[in-house]
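Structure, as structure tokens:
The values are calculated or read from the model by the stated rules, or taken from the named source; none is laboratory data. Keep in mind that what you see is a predicted model, and the values were worked out from it rather than measured. In this analysis, Cβ positions are derived from the backbone assuming ideal geometry, glycine residues included, and neighbour counts consider all displayed protein chains. The protein model used for the area step is the full one, side chains on, heavy atoms only, and it has no ligands, DNA or RNA in it. Shrake-Rupley method; radii C 1.70, N 1.55, O 1.52, S 1.80 Å.
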Amino acid sequence: MTDNTLQQNNKKTWSGRFNEPVSELVERYTASIPFDYRLAEYDIQGSLAHAKMLSIQGIISTIDWQAIEQGLNQIRNEIHGGQFNWQLELEDVHLNIEKRLTHLIGDAGKRLHTARSRNDQVATDIRLFLRASIDEIVDLIRNTQHALVDLAEKHADTVMPGFTHLQVAQPITFGHHLMAYFEMFKRDVARLLDCRKRVNQLPLGAAALAGTSYPIDRHLVAKLLDFEGVCENSLDAVSDRDFAIEFSSCAALIMTHLSRLSEELILWMNPQFAFIELADRFCTGSSIMPQKKNPDVPELVRGKTGRVNGHLVALLTLMKGQPLAYNKDNQEDKEPLFDTVDTLIDTLRIYADMLSGITVKTDAMRQSTLRGHATATDLADYLVKKGIPFRDAHEIVAKTVQFAEKNGCDLSSLPIQALQQFSDRIGADVLAVLTLEGSIQSRNHTGGTAPEQVNIAINKAKQWLQT
Ligand code: ARG
């Protein structure tokens, strides 16, 4: 500890009007430094822009501004070098940095907080942090989408069973199935980029809540920090965290999509399905059952979705009872937000790699599609095209399926004579309709599972990924 630190121990930045110090427990309870230290880089960026504006506006001298800039750069180096001495007594990242600055440069350091409050300062820091996080997350989603498209391209005509109610429904292609997730992630990216616009507004200048009497230039600060605009109401600027809640809901949806895909990977890896094999590096064994290969990574993605969804609820609950303007409740926004960002980033990083390491067992997929009468709808559609009303066709096919069940075979392998018992409209041309390939090829329209359409979707996706 420096001399400066020792001297600070009993005296808080704000304690001028207090007669007794807070207890150690209260100090620990109210401090945010154990977690908000990670806003330091953004806090410094915000302070640099604020100080520059103060000097341009003649609110502080150029000499003070230069000292502040130099001091903050030194502090940045100390933090990056791991030499910065974070102190619980100094409560949060803002006061820790400001105290160190004053220790380094004297009175000029004390002038940095002119026309500013920690209320608009912390709101600015979180927005800068979230903006950077969104950019990183968008890049990572796109990597995952790349991996999906690569895999889909290899399997544009690989047949697998499509499910509803987890029962075999109709034949689809594996490429089509994968591209469904591409679409979900595309919407996730759009949502994040839209949310980014509302994150990217500058609170600084709102000061504690009502603005400031100094001749500040908020637009200049916004420009220096690359904000798209300034928060239009000072009370709103310091108090609302809706942008964080919005981000959190985007994150919950992304995790939910990843969780659904994970659930499928887990099912597909189960030997009862045996559709895929995950690379060993994403699985673990059992300490008792030597044969086991467990899909731990997708299971954890599914599990971690719970905490990200929970953080969304935490933030909403944090906000709902707060009167205007800033309340200390808002300090509680950080841990859920940080954990959301960390969980999402780690999950996405793993995911792209995991997808590219998948081995697809096309034979097992095909065999499975041949169990469950997946082409029953195709037979009904065939009958409709021969002039039978759909409801009657449905009935006829249901009977045919019953017959196939009784004979222990799939609808698609019934001989033509057997089929003709159920309708005299059935001709030799039915066989093409009942095959898996016939079924898939016939769904050849935008959004359908025909390989031609899957390839069109893949090409569109590739173009999208290039933008
Ligand atoms: N550590 C605080 C937070 O995270 C900073 C703002 C404190 N403002 C105040 N008026 N006590 O919200």
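Summary of computed values
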item: Tabulated pairs, segment 207-219, first within 11 Å of Ile59 (Cβ to Cβ), second small (Gly, Ala, Ser), C-beta under 8 angstrom, 6+ apart or interchain; result: Thr212/Ala115; Thr212/Gly205; Tyr214/Ala115; Pro215/Gly58; Ile216/Ala115; Ile216/Gly205
item: Identity of the residue in segment 197-223, part of a helix (DSSP H, G or I) and in contact with a Leu (Cβ under 8 Å, 6 or more places away or on another chain), that ends up farthest from His113 (Cα to Cα); result: Val199
item: Of all residues in segment 12-35 being without any contact (Cβ under 8 Å) to a residue 24 or more places away in the chain, within 13 Å of the ligand (Cβ to nearest atom) and part of a helix (DSSP H, G or I), the one that is most open to solvent (accessible area, probe 1.4 Å); result: Tyr29
item: The listed residue being away from the ligand (no atom under 14 Å from the Cβ), assigned to a helix (DSSP H, G or I) and either among the β-branched types (Val, Ile, Thr) or more than 24 Å from Ser61 (Cβ to Cβ) (or both), out of Asn85, Asn77; result: Asn77
item: Test: residue in segment 36-55 that is part of a loop (DSSP other than H, G, I, E, B), open to solvent by less than 50 Å² (accessible area, probe 1.4 Å) and at negative phi; result: no
item: Segment 182-217, residues that are within 19 Å of His146 (Cα to Cα) and not basic (Lys, Arg); result: Phe182, Glu183, Met184, Phe185, Asp188, Val189, Ala190, Leu192, Leu193
item: All positions within segment 225-267 that are within 21 Å of Thr362 (Cβ to Cβ) and open to solvent by less than 10 Å² (accessible area, probe 1.4 Å); result: Leu261, Leu265
item: Residue check, Leu300 surrounded by 13 or more Cβ atoms within 10 Å (Cβ to Cβ), in a helix (DSSP H, G or I) and touching a residue at least 40 places away in the same chain (Cβ under 8 Å); result: no
item: Given (1) of a type outside the set (Gly, Ala, Ser); (2) free of Cβ contacts under 8 Å to residues at least 60 places away in the same chain; (3) open to solvent by less than 20 Å² (accessible area, probe 1.4 Å), number of the condition Leu355 does not satisfy; result: (2)
item: Number of positions in segment 303-341 that are acidic (Asp, Glu) and either outside any helix (DSSP H, G or I) or closer than 24 Å to Ile276 by Cβ (or both); result: 0
item: Count of segment 439-452 residues which are closer than 18 Å to Met184 by Cα and either open to solvent by 20 Å² or more (accessible area, probe 1.4 Å) or touching a Ser or Thr at 6+ places or on another chain (Cβ under 6 Å) (or both); result: 3
item: Residue under evaluation Asn309, criteria (1) away from the ligand (no atom under 16 Å from the Cβ); (2) surrounded by fewer than 18 Cβ atoms within 10 Å (Cβ to Cβ); (3) without any contact (Cβ under 8 Å) to a residue 60 or more places away in the chain; (4) more than 23 Å from Ile33 (Cα to Cα), criterion not met; result: (2)
item: Any hit, segment 384-396, residues being touching a Lys or Arg at 6+ places or on another chain (Cβ under 8 Å), within 16 Å of the ligand (Cβ to nearest atom), open to solvent by 30 Å² or more (accessible area, probe 1.4 Å) and farther than 30 Å from Gly175 by Cα; result: no
item: Residues being in contact with a His (Cβ under 9 Å, 6 or more places away or on another chain), part of a helix (DSSP H, G or I) and among the hydrophobic types (A, V, I, L, M, F, W, C) - total across segment 225-269; result: 2
item: Neighbours by Cβ (under 7 Å, 6+ apart or cross-chain): first from segment 101-124, away from the ligand (no atom under 16 Å from the Cβ); second in a loop (DSSP other than H, G, I, E, B) and at pLDDT below 95; result: His103/Thr2
item: Residues within segment 169-191 that are within 24 Å of Met255 (Cβ to Cβ) and among the β-branched types (Val, Ile, Thr), tallied; result: 1
item: Members of segment 314-342 that are of a type outside the set (S, T, N, Q), under 23 Å from Pro34 (Cβ atoms) and open to solvent by 70 Å² or more (accessible area, probe 1.4 Å); result: Lys328, Asp329, Glu332, Glu335
item: Residue ID - nearest to the ligand (Cβ to nearest atom), chosen from residues in segment 182-206 that are out of contact with any strand residue (DSSP E or B) (no Cβ under 6 Å at 6 or more places or on another chain) and within 17 Å of Tyr42 (Cα to Cα); result: Pro203
item: Residues that are open to solvent by less than 30 Å² (accessible area, probe 1.4 Å) and closer than 30 Å to Val397 by Cβ, drawn from segment 127-168; result: His155, Ala156, Thr158, Val159, Met160, Pro161, Gly162
item: Filter pass, Ala374 being under 21 Å from Pro161 (Cα atoms) and assigned to a helix (DSSP H, G or I); result: no
item: Subset of segment 49-62 that is hydrophobic (A, V, I, L, M, F, W, C) and in contact (Cβ under 8 Å) with a residue 60 or more places away in the chain - its residue that is nearest to Phe129 (Cα to Cα); result: Ala49
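Residues checked against (1) open to solvent by 50 Å² or more (accessible area, probe 1.4 Å); (2) of a type in the set (Ser, Thr, Tyr):
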{"site": "Thr173", "(1), (2)": "no, yes"}
{"site": "Glu183", "(1), (2)": "yes, no"}
{"site": "Arg187", "(1), (2)": "yes, no"}
{"site": "Asp194", "(1), (2)": "yes, no"}
{"site": "Ile216", "(1), (2)": "no, no"}
{"site": "Leu220", "(1), (2)": "no, no"}
